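The block underneath contains the structure these notes are about, expressed in structure tokens.
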Amino acid sequence: MDEHRDDPAGVRGGLDPRAELSEFLRTRRARLKPRDVGLPDLGRHRRVPGLRREELAQLAGVSVAYYTRLEQGNGRNVSAEVLDAIARALRLSDAEHTHLTHLARPGRRRRPPEPRSRQTRPALRQLLEAMETVPAYVVGRRSEILAWNRMATAVFGDWGALPPQERNWARMVFLDPAHRELFVEWEQKACDMVAYLRMDAGRHPDDPALSALVGELSVKSEEFRTLWARHDVKEKSHGVKRLRHPLVGELTLLWESLRPAGEAEQSLVTYCAEAGSPSAEALRLLGSWNADAPADGPRTPAA
């Protein structure tokens, strides 16, 4: 059997932090052109896309040999000051800077705690139930949907009807045609989803469940495989989402991702519409139609 065909993302047995560091730095360097950082562009004489290693080293104030070792995945003993300088030279975002630090200076390697990260506090479940007009859910590491309320069911569908292992945003975005149709800007949703998983992978390279998820999606979705190879990272924060709902048509919703106190592995995600907008009226209609639906989302045990 062709091992690479069976494991195209190279995640069998976990992600290799050295390889991740090497590819991340290479892809960030390749996206910069000399003119982006005030260097002369030699045009047709350049043999590599983006900046050369020596140019990046000069911008960061380190030796070429030192930067080369780092880009080859050897981040041992690299200081925070050097990482800051390289991050500035590469024009990294805050999320990318954090990701670089995780890759170059990983903490003590340990398998992440499993059942705790997949349980939702009773108080959070009660909060979901109390949010009667707001679609909301709790998402865990690896994009697992852990709990949700009636309005989330009205907007996104009956997650309770899915097997627990399929209640996962990444799987639904890339493998479920109904969820692909739901997002008006599906391509952006897909890019964001992969960037969130990449961020998680930087924090937890030894997580076997995450490695299994990435491996499964890489085998089943060429689009996921292509996006994963870009090494883009992003933190969940807030934004606008346009949905194509089968009952009420297009919805434009504002979303916020909130980190409950004491829950480093979970986020509460809420959606709302601008007051007086057609989307607000559509949400009201969905809520009235769904008023008698069982509120079993928040009480469904996370498997």
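The values are calculated or read from the model by the stated rules, or taken from the named source; none is laboratory data. Computed from a predicted model, the values in this text were never measured in an experiment. Cβ coordinates were reconstructed from backbone atoms using ideal geometry, including for glycine residues, and neighbour counts include every protein chain displayed. Heavy atoms of the whole protein, side chains included, go into the accessibility calculation; ligands, DNA and RNA do not. Shrake-Rupley method; radii C 1.70, N 1.55, O 1.52, S 1.80 Å.
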Legend entry - Segment R259-K220, length gained on full extension (0.36 nm per residue, minus Cα span): 10.9 nm
Legend entry - With DNA, RNA and ligands ignored, accessible area of W289 (1.4 Å probe; Å², nearest 10): 150
Inset, instruction - Any chance you could run the full-extension gain for T27 through E129? It's 0.36 nm times the residue separation minus the Cα-Cα distance, nm to one decimal. - result: 32.4 nm
Legend entry - Cα pair distances of region 248-289 binned at 5 Å [whole percent]: 6, 22, 21, 18, 11, 10, 10, 2
Legend entry - Candidate lysines - alpha carbon under 20 Å from K189, same-chain residues fewer than 8 apart omitted: K220, K234, K236, K241
Legend entry - D36-H238 FRET efficiency (beta carbon distance; Förster radius 45 Å; 0.05 resolution): 0.95
Legend entry - Coordinate range along principal axes, alpha carbons of region 172-237, Å, largest first: 33, 27, 18
